[in-house]
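Reviewing the structure listed below.
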Amino acid sequence: IELPSTATGAVEWSVDNKIWNTQQLTSASTSVTVASGLSLGTHTLEFIVIVLPFTIDRWNTPVSRIRITGITLDPGSVVSAPTLQSGRAILFADSNGEGVEVDNGNRNARMATPLILGRALGCEIGSVSYSGQGILAAATAYGNVPNMDDSWDFYYSGASRLTGGLFSPAPTFILTTLGQNDPVSPDVTTTVTALVASW
């Protein structure tokens, strides 16, 4: 595990579809032990980043991240290819996608809209969620992220999300729940219509 010096966060994981475990992380965190003493045989692991800081830069020189740098297994064990859902989806959201206040007032992306929708649609889902963002409203106070109209096709400033002008892999669904952070004026209808045409 690797975090920048200014970052904190949290991860959750479940082994063999059993109880979810949570660990808070800081820049001093270097590893997370997800299981020990398992029986011989095949096991499954679901590992999710549930919290990232949203008040430090996420756009210009993004430092808000948790990087998985490797996995260590018992001697003789191997990692198998994951079983994936048949569909692919990308969802653009605001704080609701980050799981703000869904877990007794805490943030938890595992309980938020994107993963719930992904499971309901039978899709592997990519969550592009920035607290405070709108279709036309920038998340200025929450990581310097521009509005969705100016940012949807980038991972962060200068890093395109598209390959040859297209999403790759091609999503089965493109979804957005944005809008609540936008002002009443100007109206977002024209912008949304153009976005849908682009997608």
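Observations, loosely collected:
- Kirkwood hydrodynamic radius of the chain, from inverse mean 1/r over distinct Cα pairs, in Å: 18.4 Å
- Of ASP187, ASP149, ASP74, the residue with the greatest mean-square motion in the GNM of the chain, using alpha carbon springs below 10 Å, is ASP74.
- Loop chymotrypsin sites (Phe, Trp or Tyr not before Pro), the range 11-101 (other Cβ atoms within 10 Å of the site Cβ: 16 or fewer; DSSP): TRP20
- Virtual paramagnetic centre 7 Å along Cα→Cβ of THR172, amide N under 13 Å, in the range 61-93: 84-90
- Placing a pseudo-label 7 Å from each Cα along the Cα-to-Cβ vector at SER160 and ALA120 gives an inter-label distance of 3.4 nm.
- Residues of the chain: accessible area per residue with a 1.4 Å probe, Å²: 58 Å²
- With eigenvalues of the C-alpha gyration tensor scaled by 5 and rooted, the range 92-158, Å: 21, 16, 8
- Neighbourhood net charge (11 Å Cβ-Cβ; Lys/Arg +1, Asp/Glu -1) for THR191: -4
- Helix 189-198 vs. the chain, principal-axis angle (Cα, 0 to 90°, nearest 10): 50 degrees
- Nitroxide proxy distance, nm - points 7 Å out along Cα→Cβ at HIS43 and THR26: 2.8 nm
- For the chain, carbon and sulfur atoms together expose 53% of the accessible surface, with a 1.4 angstrom probe and every protein chain in place.
The values are calculated or read from the model by the stated rules, or taken from the named source; none is laboratory data. Predicted model, so just to flag it, every value in this text is computed and none were measured. Neighbour counts are summed over all protein chains in view; Cβ atoms, including those assigned to glycine, are modelled from backbone coordinates with ideal geometry. Calculation scope for accessible area: heavy atoms of the full protein, side chains included, ligands and nucleic acids excluded. Shrake-Rupley method; radii C 1.70, N 1.55, O 1.52, S 1.80 Å.
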